[in-house]
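Take a look at the structure below.
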Amino acid sequence: MDIITFLAAPFVASLILTGIHAYLGLHVVERGVIFVDLSLAQIAALGASVAIIYGADPHASTSYWVSLGFTFLGAVIFANVRTKRSRIPQEAIIGICYAVASAATILAMSKATGETEHLKDMLVGNLLFVSWHDVIKTALLYGAIGVFHYIFRKNFLAISMNHDLERVNGMSVRFWDMLFYGSFGFVVTSSVAIAGVLLVFCYLIVPSVAGMLFAHTVSKRLAIAWTMGTLVSALGIYLSVKFDLPTGAAIVCTFGIVLALMGAVKAMVYQRSLRDRPQVILAP
């Protein structure tokens, strides 16, 4: 009973992360900007590092708002670099921003030698020790963003499905990109503070890819993504406690193993369908 009580807050937090990130992951995968979450997460970590250098507490609101400001700057860049006439792929800009933000974070934290543990937390997170206060605050924020995306779901899906166009159904792609990346920035900044950069990336991409393996419609993909995220989170948290492993890293590795198994199952099903398909023999 004590273990269940101890793991209740981390598990609920993982469900909240799964809910919002699996949905946003569908958009990211359809847009083909797979590493945008990783890049924005690293930019958020850079903002928090800068705040720490100037004396802010890592867990204070000042660090959060500075981190959010850096994330919004990254969101503005990503929303404006993608144009139909651009010769440089958006993914290239995203990758460059990630590399520069990662290097800048290391440089920043080298000037705050007493906060090296915080740098580790930003990378792999500290989900196991999340408080109920953080869980409730994150749930309210993500709930508001979820309502916003639900109201304008047709617009966001239209832009994501037709992202090579300048305008879709009369809507400005750049304007709705700004709204998408702006709301995305809120999610990433809050998630990094709870789960770390790597785990946030996994919550965004892996469940969405799993959904795409077995479904074609948005609703079915979401159902698979949410189910996978929930089960993998529970298993990863259990393994981290059982074998005394870092929670974030345990969940990330569990995501990778489960996705590999799902891919193998999908390949076997596909091969069996090919064998069972009636053979058409053409007469000479």
>> Using only Cα atoms and rounding to the nearest 10 degrees, what angle (0 to 90) does helix 36-53 make with the longest principal axis of the chain?
In response: 0
>> How high is the relative contact order of segment 2-273? Use alpha-carbon pairs under 8 Å, at least six apart in sequence, and give a whole percent.
In response: 30
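Would you mind ranking MET161, MET262 so that the residue whose beta carbon has the fewest other beta carbons within 10 Å leads the list?
Least crowded to most crowded, the residues run MET161, MET262.
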> R0 = 30 Å: FRET efficiency of LEU73 with VAL147, Cβ-based, nearest 0.05?
Replying inline: 0.75
> Of the listed peptides 210-218, 48-56, what is their order by residue-averaged count of other C-beta atoms within 10 Å, with the highest listed first?
Replying inline: 48-56, 210-218
> GNM, the chain, Cα, under 10 Å: largest mean-square fluctuation among GLY170, GLY95, GLY248?
Replying inline: GLY170
> For the chain, what percent of Cα pairs sit more than 29 Å apart?
Replying inline: 37
> Quick one: Cα convex hull volume of segment 166-247, Å³ per residue?
Replying inline: 114
> Taking the Cβ-Cβ separation of LEU231 and SER172 as r and a Förster radius of 45 Å, what is the calculated FRET efficiency to the nearest 0.05?
Replying inline: 0.70
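Kirkwood-based Rg over Rh for segment 1-100 (C-alpha set), two decimals?
Values: Rg = 16.9 Å, Rh = 15.6 Å.
So for segment 1-100, dividing Rg by the Kirkwood Rh gives 1.08.
Quick note: the coordinates plus some simple rules give every number you see, no bench work behind them. Note that this is a predicted model, so its numbers are computed, not measured. With ideal geometry, Cβ positions are generated from the backbone for all residues, glycine too; neighbour counts draw on all protein chains shown.
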